[in-house]
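Enquirer: One structure, pasted below without further comment.
The values are calculated or read from the model by the stated rules, or taken from the named source; none is laboratory data. Just so you know, these numbers come straight off a predicted model, no measurement behind them. Glycine also receives a Cβ, built like all others from the backbone with ideal geometry; neighbour counts cover every protein chain displayed. Just the protein is used for accessible areas: all its heavy atoms, side chains included, with ligands, DNA and RNA removed. Shrake-Rupley method; radii C 1.70, N 1.55, O 1.52, S 1.80 Å.
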Amino acid sequence: MTPPPSAPGDAHPYLRAASAGVRHHARALAPTDTNPPQPADRQHLDVLHAHLTVLHQLLNQIADTTGPPHPAAGRHLATAHTRLWQAASEIHTAFHLLPGTLSADETGTSGCRPERLPEGPPVLTICHRHLAAGHSIRRKTTPTDLRAHTTACVR
């Protein structure tokens, strides 16, 4: 795979390309006279969750390598790491609150149910990804750290 075109000396061409893709997507979703605002669907939130969890992994690696030589910066990066997890967790919750395919025994939206497998893609994918990211964050934070910035939403 060849890196996208970048300025000479650009050390992070893939990261810049990903950021450009997100900016383009945000502009494409912006309401106009011909494009009224549309609510998010499950597939949209699945892709957004995937993006956030990859950013979570990247920030984890950056925080791990930056913290020892620069403790103050490392603490801020660790806080950002936790907040990014919280954002991904809220996206995961929103995903399950949106209407989706229902099985015969369900009367509402689907959610993560440990007693049985999710209904398949994208639910199986987002739940698996979320559990893996959750394992990572729980190794480095306390439950109190994770609750410090929760929303006041009633679910």
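Enquirer: Mind telling me which of the residues Thr141, Thr125, Thr101 ends up being over 16 Å from Asp41 (Cα atoms), of a type outside the set (D, E, K, R) and either open to solvent by 80 Å² or more (accessible area, probe 1.4 Å) or modelled with pLDDT of 75 or more (or both)?
Expert: The match here is Thr141.
Enquirer: I'm trying to understand the selection: among the residues of the stretch 13-35, which are open to solvent by less than 100 Å² (accessible area, probe 1.4 Å), part of a loop (DSSP other than H, G, I, E, B) and either touching a residue at least 60 places away in the same chain (Cβ under 8 Å) or among the polar types (S, T, N, Q) (or both)? I'd like the intermediate steps shown before the answer.
Expert: Going residue by residue through the stretch 13-35, those that are open to solvent by less than 100 Å² (accessible area, probe 1.4 Å) are 13, 15, 17-22, 25-26, 28-32, 35.
If we keep only those that are part of a loop (DSSP other than H, G, I, E, B) as well, we get 30-32, 35.
Hits for the stretch 13-35 are Thr32, Asn35.
Enquirer: Give the residues of the stretch 55-70 that are touching a helix residue (DSSP H, G or I) at 6+ places or on another chain (Cβ under 9 Å) and open to solvent by less than 90 Å² (accessible area, probe 1.4 Å), sorted by residue number.
Expert: Residues satisfying the conditions are Leu55, His56, Leu58, Leu59, Asn60, Ile62, Ala63, Asp64, Thr66, Gly67.
Enquirer: Looking only at the stretch 36-53, which residues are within 17 Å of Ser89 (Cα to Cα) and open to solvent by 90 Å² or more (accessible area, probe 1.4 Å)?
Expert: Result: Gln43, Val47.
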